[in-house]
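Coordinate-derived values only; no laboratory data. None of the values given here were measured: they were computed from a predicted structure. Ideal geometry is used to build each Cβ from the backbone, glycine not excepted, and the neighbour counts take in all protein chains shown.
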Amino acid sequence: MSETELAKDLGLVSAMTIGIGTMIGAGIFVLPGVAANTAGPVVVVSFVVGGVIAMVNALSVAELGTAMPKAGGGYYYINKALGPLFGSIAGMGDWMGLAFASAFYCIGFGQYLTVFAPLPEVAFLNPNQVGALFAGLAFTAVNYLGAKETGNVQNVIVFVLLAILTAFAFAGFLSFDYATLTGDGGLAPLGTSKILPATALVFVSFLGYAKIATVAEELKNPGRNLPIAIVGSVAIVTVIYAILVTTMLGVVPWPDLSLDAPVAQAAELSFPASIGPIGGVAAGAAAVMTAGALLATASSANASILASARINFAMGRDGIVTNWLNEIHPDYSTPYRSIFLTGALIVVFIAALGQDIEVLAKAASVLHLIVYALMNAALIVFREADVEEYDPDFTVPLYPLTPILGAGLSLGLVAFMDGIEIALSAGFVLAAMLWYFLYARREATEDGVLSEFIREREDALPDQIVSATDAVAPSGSDGPTIMVAVANPRTERALMTLAGALASQAGGRVLATHIVTVPDQTSLAAAAENRDRIDSTSEELLEAAKADVERFDVPVETRTILSHRGLEEVFGAARAHDVDTVVMGYGGTRFVGGRIESAIDELTHDLPCDFLVLDGEEVPTSDVLVPTAGGNSSDLSAEVASALRETIGMDVSLLHVVDEGEEAAGREFLEGWAGDHQLADAELRVETGDVETVIERLSDEYGLVIVGATDRGLLSRIVRDSLAFEVIESLDTPVLLAERPTRRPLRERLFGPR
C-alpha cells in the first residue's frame with residue numbers, strides 16, 4: 001500500500017482551539033480544588049507560574065515548528081537534532097504522556113457525567129471510570145474520522161465553553177469576597193513553599209500548546225499561524241486561569257472547595273437561589289457549569305488523542321516503531337492504526353489508574369517536561385550546527401537564554417513531583433532506551449544533527465564523546481535516498497533499475513513516488529475524497545515499481561502525492577523528503593542545461609539534489625559510454641556508471657573530446673579523471689572534433705550514454721543551445737542526463753565562468 005501525504009486542512013482557528021480546548025479542560029474544572037488543598041489561596045500563583053514556564057517553552061516550540069512543520073511536533077525536532085536515541089525517549093515520552101493526559105481528562109469527564117446521569121459500578125471500575133471509558137472510546141472514534149472533523153468539533157466545544165466561563169466569571173465577580181479569598185490564614189496559610197509543588201500538579205493544564213506543533217504538517221500557512229496559535233493560546237489560557245481560580249476562591253473558602261466539581265460548586269453560590277417566579281437559578285447555574293465541564297474535559301481528551309496519534313504516526317515514519325502504524329485510511333486520510341492503538345492505551349490507563357487522578361495528572365506532566373527540556377536542547381543544536389534547512393519564520397528572543405531557561409525550568413519542576421510519578425516516568429524513559437537498542441536502532445536510517453556536528457569536529461573533541469556518539473548511532477541504512485518519480489508504466493522498470501543500482505552500491509534506499517496532478521479547478525481535499533480510481537492506478541504502478549527493485553535487496557518506500565503543481569512537485573517532494581538523487585523519465589519537456597525547468601526558474605532556485613533524467617524505456621546490460629570534460633555533473637555521471645558496473649555488470653567506456661593536436665593532453669586528463677573516480681579499468685577514448693558529432697557517431701556502439709550537464713552559463717546555453725538537449729533529441733541510443741547542483745553567483749549563472 002502506498003503511503004500518502006497528510007492533507008493541510010487545519011486553519012488558525014482550529015489550531016488555536018486545539019491548544020485552548022486542551023488546556024481549558026480538566027485543568028480548570030477538576031484540579032483547582034485538589035490544588036487548593038495543597039497550597040491554599042496562593043494556588044493562583046501556582047497557575048501563573050505554570051503559565052510562565054509554559055510560555056518560555058512555547059517560544060521555543062514556535063521557532064521549531066515554523067522551521068520544520070512536521071507531524072510529530074516535539075518528537076520530530078528532537079529526533080532530527082539529537083538523533084533517534086533521544087527521539088525514542090521523546091517520542092515514547094510524549095506519546096505516553098499524552099495517553100496519560102487523555103486518561104486524566106476522560107476521568108474528569110466521567111466525574112461530571114455522573115452528576116447528570118448516575119452510572120453503575122462495573123467490575124472493579126467505579127462510576128467515574130465507566131464514564132471515562134465512554135469518553136475515551138467516543139473521542140477515539142472522532143479522531144479516526146479525520147483532522148477536519150476533529151477541528152470542527154473542537155471549534156464548537158471551545159466557543160461554547162468560553163461563553164459559559166465568561167458568564168461564570170461575571171457572576172463570580174459580583175459575588176466575590178476578598179475576605180473569603182484570604183480566610184483566616186491569609187493568602188498562603190500553608191506557606192509559599194507549596195507554590196511549586198502545586199505548580200507541578202496543575203502543569204498538566206498547560207500541555208495543549210505543544211499539541212498544536214504535533215499537527216503542524218496539516219496546518220495551513222504554518223509560518224504565520226503556528227507561532228500565533230502556540231503563544232496566543234498560552235497567554236489566553238494563563239489569564240483565564242488566573243481570573244477563574246481567583247473567582248472560585250473568592251466565592252468558596254479554599255478548605256471547602258470541591259475536589260470533584262469546584263466550578264459547579266462556585267457557580268451555585270455565585271447566583272441567587274431564586275429570582276421572582278423563576279426558581280432554582282442556583283441549581284440551573286450549577287447544571288450549566290456541569291455541562292461546561294463535560295465540554296471542557298471532552299475537548300481536552302479529543303485534542304490529546306489527536307496529538308498522540310500523530311506522534312505515533314511520525315515515529316512509525318522514521319522507523320522507531322513499526323512501519324505498520326503508518327497505514328493511512330483510504331477514506332479518512334488518518335493514521336487509523338495509530339489512533340486505534342492510542343485509544344487502547346488510554347482505556348488501559350483509565351482502568352488501571354483511574355481511581356487516583358493525581359497520579360495520571362503528574363505522570364502526564366513529568367513526561368512532557370522531559371520532552372520540553374529536550375526540545376530546547378534541540379533548538380540550540382540546530383542553531384549552533386548552522387543547519388541549512390533550519391530556517392524558521394519565527395525566532396525566540398534573547399537566544400540562547402530562552403531555550404536554556406526553558407530546559408532548566410522544565411527539569412527543575414520535575415523535582416517537585418512525587419516519587420511515584422518520577423519513578424513511573426523514569427521507567428518509561430528506560431523502556432524507551434531499551435526499545436531503541438533492541439529494535440529501533442537497527443530500523444532507524446538517519447542520525448541526528450548533533451552526531452554529525454560531533455563527527456565533523458572529532459579531532460578537537462575528547463575521544464569519549466566521539467566514542468559515545470558512535471556507540472548509540474543507528475545501525476540501519478545510513479546511505480542516500482534515491483527518489484524515483486514514476487508516471488509511465490513503460491519507463492517505470494528502467495527508472496527503478498537505475499535507482500536500485502545506485503541504492504545498492506551506496507547502501508541507501510529507494511523512495512518511489514507517483515505524483516498525481518489535480519486540475520486547479522479541483523481542490524486537493526475534494527480529489528482526496530474521490531480518489532478510488534487514483535488509488536487503484538497509483539497502487540498498481542507503485543507495486544510494480546517496488547517489485548522491479550526487489551532484486552537489488554534495498555529498502556523501498558512508496559508514496560502517492562496529490563498536487564496542483566505537477567512537475568514542480570518533484571522538486572518539492574525531493575526537498576521535503578531530504579532526497580539525495582532524483583531519477584525520472586524524459587517526457588519531451590524542454591531541457592535547460594540538462595534539467596527540466598524554464599529559464600526563469602533556474603534564476604530563482606537551485607536543484608535540491610542530484611538529478612538523473614532517462615530518455616529511454618529500458619536500461620540495457622551492454623556497454624555504457626560516459627563523455628566527460630570534468631565538473632560536478634561529470635562526477636555524478638561517473639558515480640552512476642560505477643554503480644551500473646558493480647550491480648548490473650555493464651562495461652564502462654570514458655570519452656574525452658579534444659581539438660586536433662591535443663590528443664596527448666586529452667589522454668593524460670582522461671587517465672587522471674578515471675583514476676580519481678574509481679574507473680581506472682574503464683576503456684578510455686580520446687577523440688577529436690565536435691563533441692555532439694562524436695557522441696552521435698559512437699553511440700551506436702553502446703547500450704547507454706550518460707551525459708553530464710555542462711558548466712556553461714544560462715544565457716550561453718540558451719543562445720548556443722544545450723549539448724544535453726541536442727544529444728537527447730538526436731540519438732537512437734537511450735540517454736541518461738545527469739546534473740549535480742552547484743552554488744554559483746548570479747553573474748556566473750548568467751554568463752558562465754570566466
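Side notes on the structure shown:
- Residues Thr140, Thr247, arranged from fewest to most other Cβ atoms within 10 angstrom of their Cβ, appear as Thr140, Thr247.
- ³J(HN,Hα) computed for each position of segment 112-125 - Karplus, 6.51 cos²θ - 1.76 cosθ + 1.60, integer Hz, glycine/proline x: 7, 5, 5, 5, 7, 9, x, 10, x, 6, 10, 6, 8, 8
- Close amide-amide hydrogen proximity is noted between Thr688 and Val658, each under 5 Å apart and 5 or more residues distant or on a separate chain (H modeled in the peptide plane; Pro and chain starts excluded).
- Overall, segment 7-406 carries a charge dipole of about 160 debye about its Cα centre when +1 sits on the Cβ of Lys and Arg and -1 on the Cβ of Asp and Glu, all other atoms neutral.
- Inter-label distance for Ser467 and Thr166, nm, one decimal - labels placed 7 Å from Cα along Cα-to-Cβ: 6.5
- Amide H partners (placed H, <5 Å) of Val707, local residues excluded: Leu736, Leu737, Ala738
- Projected label distance in nm at Glu456 and Leu174, using a 7 Å step from Cα toward the beta-carbon: 6.5
- For the pair Ser622 and Asp732, the difference between a 0.36 nm per residue extended length and the Cα-Cα distance amounts to 38.1 nm.
- Coupling constants for segment 696-705 follow from the phi torsions by the Karplus curve (6.51 cos²θ - 1.76 cosθ + 1.60, θ = phi - 60°), and in residue order they are 5, 5, 8, 4, 5, 7, 10, x, 8, 10 Hz; glycine and proline get x.
- Residues in segment 672-702 reached by a label modelled at Ala664 [backbone nitrogen below 20 Å; 7 Å Cα→Cβ]: 672-673, 684-689
- Estimated translational diffusion coefficient (Stokes-Einstein, Kirkwood radius over Cα pairs, 10 °C, 1.306 mPa s) of segment 7-406: 76 µm² per second.
- The mean of 1/r over all pairs of different alpha-carbon atoms in segment 655-695, once inverted, gives a Kirkwood hydrodynamic radius of 10.4 Å.
- Net length gained if the chain between Leu411 and Asp331 were fully extended (0.36 nm per residue, minus Cα distance): 24.6 nm
- Spacing of the two label points (7 Å from each Cα toward its C-beta) at Asp690 and Asp256, in nm: 10.2
- The stretch between Leu438 and Leu398 holds 10.4 nm of extra length on full extension. This uses 0.36 nm per residue minus the Cα-Cα distance.
- In order along segment 621-634, the phi-based Karplus estimate (6.51 cos²θ - 1.76 cosθ + 1.60, θ = phi - 60°) of 3J(HN,Hα) comes to 9, 7, 5, 10, 9, 10, x, 8, 10, x, x, 4, 5, 5 Hz; Gly and Pro are listed as x.
- Arg551/Asn221 FRET efficiency (R0 60 Å; Cβ-Cβ; nearest 0.05): 0.85
- For segment 7-406, the number of Lys pairs with C-alpha atoms closer than 28 Å, counting only pairs eight or more positions apart or on separate chains, is 19.
- Cα Rg, Dmax, segment 45-137, angstrom units: 18.2, 50
- In terms of packing, defined here as the mean over residues of other Cβ atoms within 10 angstrom, the peptides 190-203, 497-510 line up highest first as 497-510, 190-203.
- Residues whose amide H comes within less than 5 Å of that of Leu511, counting only those at least five positions distant or on another chain, are Ile482, Met483, Val484, Glu557 (H built at 1.01 Å from N in the peptide plane).
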